[in-house]
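Asker: Next up is a structure, given as structure tokens.
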Amino acid sequence: MNAETLKRAKEELIQRVKDFYGDNLLSIIFYGRHLQDPGFPEIDVVVVIDKPYDPVKMNRVADFVENIRDPIEEKYGYHVSFELYTREEAENFHSGYLDVVVNYEVAYDKDNYFQNLLRNMLNPKKAMDYVKYISTIEYIPVEEEERDDE
């Protein structure tokens with residue numbers, strides 16, 4: 001495994017994703033250690049599609065494994081670790097995004113969808129719109145003048 005093999009593996013992965021999802025594709029984002037170390041045996045990628053073509057997420061994951069991940073792994077020897085989200089799923093905060101923010105490479109991003117999503121999630125004034133569903137505790141906005149502690 002070297003920089004040239006990694007480049008070819010990623011180019012083919014991108015093409016397979018584009019061919020498989022077509023106009024439904026929103027984003028392909030690479031992240032993780034392979035960006036710094038081409039010899040690292042794993043390619044991390046986030047793929048976001050607009051709408052679920054199958055209502056069962058496991059079927060969509062199985063399609064990705066069969067049509068994209070497995071052929072790349074068999075041909076190039078890299079393990080492909082992937083996150084596959086629909087637009088609706090992507091717009092709920094995922095802790096994996098914290099890894100993405102540290103170091104990522106945009107391979108495809110229709111209308112800057114994913115980059116805008118990350119920017120909004122990291123904006124303190126907008127962050128709660130994305131993280132309020134993480135907890136089972138209901139988030140209720142409180143006006144400053146209504147607080148009891150003053």
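The values are calculated or read from the model by the stated rules, or taken from the named source; none is laboratory data. From a predicted model like this one, the values you see are computed outputs, not experimental measurements. Positions of Cβ are backbone-derived with ideal geometry, glycine not excepted, and every protein chain shown enters the neighbour counts. These accessible areas exclude ligands, DNA and RNA; they are computed on the full protein's heavy atoms, side chains included. Shrake-Rupley method; radii C 1.70, N 1.55, O 1.52, S 1.80 Å.
Asker: Of the residues Y21, Y85, Y78, Y31, only one is more than 20 Å from D109 (Cβ to Cβ) and crowded, with 19+ Cβ neighbours inside 10 Å; which? Let's see the steps before the verdict.
Answerer: On the way: Y21 fails: more than 20 Å from D109 (Cβ to Cβ); Y85 fails: more than 20 Å from D109 (Cβ to Cβ); Y31 fails: more than 20 Å from D109 (Cβ to Cβ).
Just a single option satisfies the conditions, and that option is Y78.
Asker: Scan region 88-112 residue by residue and report those that are open to solvent by less than 50 Å² (accessible area, probe 1.4 Å) and either within 21 Å of G22 (Cα to Cα) or in a strand (DSSP E or B) (or both).
Answerer: Passing the criteria: E89, A90, A107, D109.
Asker: Let me ask another. Give the residues of region 53-83 that are in a loop (DSSP other than H, G, I, E, B) and among the charged types (D, E, K, R), sorted by residue number. Give the steps one after another, and end with the answer.
Answerer: The initial filter retains those residues of region 53-83 that are in a loop (DSSP other than H, G, I, E, B), namely 53-56, 77-78.
Scanning region 53-83 gives a single hit, D54.
Asker: Regarding D50, is this residue charged (D, E, K, R), modelled with pLDDT of 95 or more and more than 22 Å from A9 (Cα to Cα)?
Answerer: Values: charged (D, E, K, R): yes; modelled with pLDDT of 95 or more: yes; more than 22 Å from A9 (Cα to Cα): yes.
So D50 fits the description; yes.
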